[in-house]
Structures are given as C-alpha cells and as structure tokens.
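All remarks here apply to the structure that follows.
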Amino acid sequence: MTVMPGLGAPAHNSFGEDKIFHVTEGELLFLVGDDRVRAEPGDHILVAKGVTHSFSALGDSPAKMTLISTPAKHERFFLALSDLPVPHDPGDVQAVCKAFDQAIVGPVVQP
C-alpha cells in the first residue's frame, strides 16, 4: 500500500487477525499498543490480533509497505471500505468494521 505524507490508518483493533507490515519505501510512524515505533525500508512491524495499532507516513514523500494478514481476509475489509461513497459516512464505516471484526478506537498516530 502507498501512504501519503501525514496520512495513515486510525488507531484500531483487528480482533481476528495477526498482521505484519513490511516497509519498502519512505518512513512510517506506527502505534502498536502503547509503543510508538519509527520504521524505514526493510523494517517489519508485527501486530498481534486484538492489539490497538495505527500508522502514518512521515516526511514529504509517500511511504510504501506490504501488509500480510493471517488468516487471509483483510483484503475483503479494504474492498468493502472502497465501495463506500466518499466522503465516508461514519455509520457506514462502523458497519463495515463490525462485519469484518474491526474497531476504530482513535485517530491516526501523529509525531
């Protein structure tokens, strides 16, 4: 995925999935539980299921990373979100989160 500077994913829980983020370009700030971690190309960030996490791209250029989720199903969550009209209605986002065992619990992590 490509993450534009200053943007990212809000703090959330994925209750049924473990995730590995592999950074390939740029620099990202991750929130994993209570820890804030800066990651650059070659770094891997592990997030166990149920742990609150967030990320944002640092610097002036986009960051890129690969997300591996197990068991495989997280792509269906992204597809369902992409089907929502923009701007997203918060109620619609909550419905998609509930359908895919996710919960948004806070804002995008910032430096």
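What follows is calculated from the coordinates using simple rules that are stated; it is not laboratory data. Just so it is clear, the model here is predicted, and its values are computed rather than measured. Cβ atoms come from the backbone with ideal geometry, glycine included; neighbour counts cover every protein chain shown.
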Next on the checklist: For a quick check, take a GNM of the chain with Cα springs below 10 Å and name the residue from Ala48, Ala11, Ala72 with the largest mean-square fluctuation.
Outcome noted: Ala72
Checklist entry - Which of (i) 21, 16, 13; (ii) 26, 19, 11; (iii) 37, 15, 9 is the computed semi-axes √(5λ) of the Cα gyration tensor in Å for the structure on display? => result (i)
Item to check | Cα long-axis angle, helix 90-99 against the chain (0 to 90 degrees, to the nearest 10) | outcome: 90
Checklist entry - What does a probe at Leu81 reach in segment 46-62, counting residues whose amide N is under 11 Å from the point 7 Å along Cα→Cβ? => result 54-55
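Gln102: net charge of surrounding residues, Cβ under 15 Å, Lys/Arg +1, Asp/Glu -1, itself excluded?
Neighbourhood net charge equals 0.
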Item to check | Prolate/oblate/rounded label for segment 66-111 (Cα gyration tensor, a/c 1.5) | outcome: oblate
